[in-house]
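For reference, the structure discussed in these notes is given below.
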Amino acid sequence: LGIPSVPTKLADRRVSRKIQVGSVAVGGDAPVSVQSMTTTRTSDIGATLQQIAELTASGCQIVRVACPTQDDADALATIARKSQIPVIADIHFQPKYVFAAIDAGCAAVRVNPGNIKQFDDKVKEIAKAASAAGTPIRIGVNAGSLDARLLKKYGKATPEALVESALWEASLFEEHGFRDIKISVKHNDPVVMVNAYRQLAAACDYPLHLGVTEAGPAFQGTIKSAVAFGALLSEGIGDTIRVSLSAPPVEEIKVGMQILESLNLKQRRLEIVSCPSCGRAQVDVYKLAEEVTAGLDGMEVPLRVAVMGCVVNGPGEAREADLGVASGNGKGQIFVKGEVIKTVPESKIVETLIDEAMKIAEQMEKDGVAS
Ligand code: SF4
């Protein structure tokens, strides 16, 4: 009998059109990308570029900037030119800024049809300008600013209302031969949001930008986003994601990357497999896990490190990992690639794990395994 293979992914990706957001492909066979949005005044070019640089360093692939005023619109050209990652201008209310963003060389423009008065009349001109510049448009429908017509028709922001709004706007662009589009239908309730994206995914082939809007402070927003994105991505739905948190944007990127890594949609980096501890623990697992995590912070190679409190699951998990410790009797058995390489006193566990991790990481980098 052969050993059954372990599945590495949950579903095939939904087949979507591929569009190009600056240097980043979205949809088709392109990897799911992670986005965030700056919190600075866009007109403060220095502060905005500084935040974009921090986001870029943390793994952000596409960044969105708000454009509520003419000063912000005037800043777009410099920001788009100097940013290392594609910049999307986020436009509500004022169609004139859509044209300004296209002229400024933004990689894409997000429009919220529910918030732009007489948007339908402007679509022809927007499609013409975006087409000429090769600028994709994100139709970003949001439960909080749903088109008044649909709000009246459905009574509230139901999945059907969100999807109808998005597809209506897309159809207006299509009338002018413009299909360089991605769509989002965000809602703060993961159940409504998941149902909306499922319906949208079945109704069109546009790439989809996933988001739980106004997801809340870091803890709640992380859970809501992980649950909703997990449900959709596990069905192959979603081409780019933004985790919305009431927290610094770099936190959104960390959460987004972790969601994709958890689903094997992005190569895993450092992964700490640590037990929750229990009455059998013979070391302080929390402290040990925290110290090992801190000691290996920033490591980019896909290293799996097991930190286990006792011998019940310890040796098994430690053996499955690249590196691990199974603790007991004031000592730690250190495993590397499934073999016990040494037993050290408890006080030496952390430094030994970090030393060994560095050696393995160096070898991985030499072998070209780094992510
Ligand atoms: Fe408890 Fe040991 Fe399992 Fe940790 S590995 S949770 S200490 S039984």
To the nearest 20 debye, what charge dipole does the range 41-153 have about its Cα centre, counting +1 at the Cβ of each Lys and Arg and -1 at the Cβ of each Asp and Glu?
420
In sequence order, calculated HN-Hα J values of the range 132-145 (Karplus, 6.51, -1.76, 1.60; Hz; x Gly/Pro):
4, 8, x, 9, x, 10, 9, 8, x, 7, 9, 4, x, 9
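So if the hydrodynamic radius of the range 154-282 is defined as the Kirkwood radius over C-alpha pairs, what does Stokes-Einstein give as its diffusion coefficient at 25 °C and 0.890 mPa s, in µm² per second?
Estimated diffusion coefficient is 153 µm²/s.
Suppose the chain between K156 and K18 were pulled fully straight at 0.36 nm per residue; how much longer would it get relative to their current alpha carbon spacing?
Value of the extension gain: 46.5 nm.
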Using Cβ counts within 10 Å as a stand-in for footprinting exposure, how do E291, E160 rank, fewest first?
E160, E291
Note down the magnitude of the dipole of the chain about its Cα centre, charges +1 on Lys and Arg C-beta and -1 on Asp and Glu C-beta and zero elsewhere, to the nearest 20 debye.
660
Considering only the chain, what is the antiparallel percent among its DSSP beta bridges, to the nearest 5?
30
Rg and Dmax in Å for the range 264-322, alpha carbons only: what are they?
12.0, 36
Quick one: angle between helix 70-82 and the longest Cα principal axis of the chain, in degrees between 0 and 90, rounded to 10, please.
50
Please report Rg over Rh for the chain, where both radii come from the alpha carbon positions and Rh follows the Kirkwood definition.
1.05
Please list the non-local residues whose amide H lies under 5 Å from the amide H of R138, H modeled 1.01 Å from N, same-chain partners needing a gap of 5 or more.
V109, R110, V111, K182
Using only C-alpha atoms and all pairs of different ones, pull out the Kirkwood radius for the range 78-226 in Å with one decimal.
15.7
Average the reciprocal distances over every distinct pair of alpha-carbons in the range 286-371, invert the result, and give the Kirkwood radius in Å.
12.7
Cα convex hull of the range 140-185 - mean projected area over all directions, nm²:
3.0
Determine the dipole magnitude for the range 114-259: charges of +1 sit on the beta-carbon of Lys and Arg, -1 on that of Asp and Glu, nothing else is charged, the reference point is the Cα centre, and the result goes in debye to the nearest 20.
220
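If we count other beta carbons within 10 Å of each Cβ, what is the order of K186, K124, fewest first?
Values: K186 26, K124 14.
The most exposed by this proxy come first: K124, K186.
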For the chain, take the longest principal axis of its alpha carbons; what is the angle in degrees between that and the long axis of helix 285-295, to the nearest 10 within 0 to 90?
70
List the lysines whose Cα sits under 17 Å from the Cα of K254, skipping any in the same chain fewer than 8 residues away.
K224, K266
Mean shadow of the range 323-371, computed from the convex hull of its alpha carbons, in nm²?
3.4
The range 150-219 and the range 301-371: distance between their alpha carbon centers, rounded to Å:
45
Work out from phi, with θ = phi - 60° and the Karplus expression 6.51 cos²θ - 1.76 cosθ + 1.60, the ³J(HN,Hα) of each residue of the range 273-279, listed in order in whole Hz, and give x for Gly and Pro.
9, 10, 7, x, 6, 6, x
Can you find, among I91, A228, S131, the residue farthest towards the positive end of the dipole of the chain? Put +1 on the C-beta of Lys and Arg, -1 on that of Asp and Glu.
S131
Sorted by Cβ neighbour density within 10 Å, fewest at the top, the residues E339, E235
E339, E235
Translational diffusion of the range 216-330, µm² s⁻¹ [Kirkwood Rh, Cα pairs; Stokes-Einstein; 4 °C; 1.567 mPa s]:
83
Determine which aspartates and glutamates satisfy two conditions relative to K9: a Cα distance under 20 Å, and not lying fewer than 8 residues away in the same chain.
D29, E235, D239, E261, E271, E320
Eligible lysines near K331 by straight Cα distance, threshold 29 Å, same-chain separation 8 or greater
K287, K342, K348, K359
Per principal axis, descending, Cα span of the range 140-219 in whole Å
42, 27, 19
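Coordinate-derived values only; no laboratory data. Bear in mind the structure is a predicted one, so any value in this text is a computation, not a measurement. Positions of Cβ are backbone-derived with ideal geometry, glycine not excepted, and every protein chain shown enters the neighbour counts.
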